[in-house]
2 protein chains.
Amino acid sequence: MAGNPERRAALVDAGTEVLARSGARGLTFRAVDAEAGVPVGTASNYFTDRDDLLRQIDARMHTRLAPDPEVLAGLMAAPKDRTLVTALMRDLMGRVTRDRTGYLALLELRLEATRRPGLRASFTESVRAELEYGMDFHRRAGLPGGDETVAVLYLAMLGLILEHLTLPGVLEGVLPGTGVPDGLVERLVTTIVPER
Amino acid sequence: MAGNPERRAALVDAGTEVLARSGARGLTFRAVDAEAGVPVGTASNYFTDRDDLLRQIDARMHTRLAPDPEVLAGLMAAPKDRTLVTALMRDLMGRVTRDRTGYLALLELRLEATRRPGLRASFTESVRAELEYGMDFHRRAGLPGGDETVAVLYLAMLGLILEHLTLPGVLEGVLPGTGVPDGLVERLVTTIVPER
């Protein structure tokens, strides 16, 4: 396995682009090489096989889509109430829409996971760890509501992100006076998270 | 265009299978012919192009995934309360898990819609019509909550369906004592829909 970490990251990012643009079926080592602008055969020096590439795309997305530590610290200085939960969910929505390609690649990975048991196992583990981290974060911060609240909010945000990234027109103006996505994020939080 | 409606339906169902199994990139007229067990060239007599086939898959899924009118009538005989909303959402979940292939094909269609403006326009229209129908149904039946409630519940169910069909292990046991998906459906409704 070749070891240049910058080149590896560039290849994984190229794989993410290919995945979002062409779907899992279009994700070949050759397409990754072409997207990254490197000689044919390079990707095969960095990944043992396609499953390995898919796993590394998953791992890299956790970094690319993670909150900015400074932004997060700034947000967490506020009182631990529902308004703060709204701000945290807006930050999540902002990261997802800014890295639209990355999140669409994760949706492609989900569908590919229905076909590949190995990918399903590793991807399940990383998504589950994220959900449990969210529950733990919410509890430790003393935000309103319990694990149940976080689970329901997580599912509603997942639905909102899927809808907004794939068919944004569905939600546009469906609740008059509620902007998409920010107004809708606020409605989700107000409906799901208890006031205190 | 060839006119045999049964053969058309069989070809659309074959296209749905191919879409769920191989993704949008695998959906060719030739793959549809092979899946349906008909001579090569048959699909091209029934669909003007790939966009036409994708639109017809969308239209057919609305029928395949629709509630059974008798089951629905039976459910609607109950008092118009939160328990009834739970029963309706469980019925939706049941339809989706029974026709897993059909729903996975719709998720593939969503991702393909990010690449094809024509498909995005027609698919947006059909999903929006369904959401508005749901709001109207809820209102006319006198179920608790308003359009806002239906919108939030719709997004949470969309998230739950996506998670349960693609990475079911993420939710398994995440809330102790809450079965997946039925127990989680109940939690969503209890959290989102007002008691009266």
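Taking Lys and Arg as +1 and Asp and Glu as -1, the other residues whose beta-carbon sits under 12 Å from that of A:VAL18 total 0. Listed peptides A:106-112, A:75-81, B:135-141 appear in the order A:106-112, B:135-141, A:75-81 once ranked by packing, highest mean of other Cβ atoms within 10 Å at the front. Evaluated with a Cβ-only charge set (Lys, Arg +1; Asp, Glu -1), the protein assembly as shown carries a dipole of roughly 340 debye about its Cα centre, given to the nearest 20. Only one residue of A:GLY94, A:GLY3, A:LEU27 has its Cα farthest out toward the positive end of the dipole of chain A, where Lys and Arg carry +1 and Asp and Glu -1 on Cβ, and that residue is A:LEU27. Projecting 7 Å from Cα along the Cα-to-Cβ direction, the label point of A:LEU75 sits 3.5 nm from its equivalents in the other copies, listed shortest first. In terms of its C-alpha gyration tensor, the stretch B:67-192 has an oblate overall shape, because the principal axis ratio a/c (a ≥ b ≥ c, square roots of the eigenvalues) is not below 1.5 and a/b does not outweigh b/c. For the stretch A:87-129, a/c is not less than 1.5, where a ≥ b ≥ c are the root eigenvalues of the C-alpha gyration tensor, and a/b does not top b/c. That puts it in the oblate class.
Using the Cβ-Cβ distance between A:ASP49 and B:ARG7 with R0 set to 45 Å, the FRET efficiency from 1/(1 + (r/R0)^6) comes to roughly 0.65. If you take the beta carbon distance between B:ARG139 and A:GLU172 as r and set R0 to 22 Å, what does 1/(1 + (r/R0)^6) give as a FRET efficiency, to the nearest 0.05? About 0.60, to the nearest 0.05.
Each value in this text was obtained by applying a stated rule to the coordinates, not by laboratory testing. Keep in mind the model is a prediction, meaning the values are calculated, not measured. We place every Cβ from the backbone using ideal geometry, glycine too, and count neighbours over all the protein chains shown.
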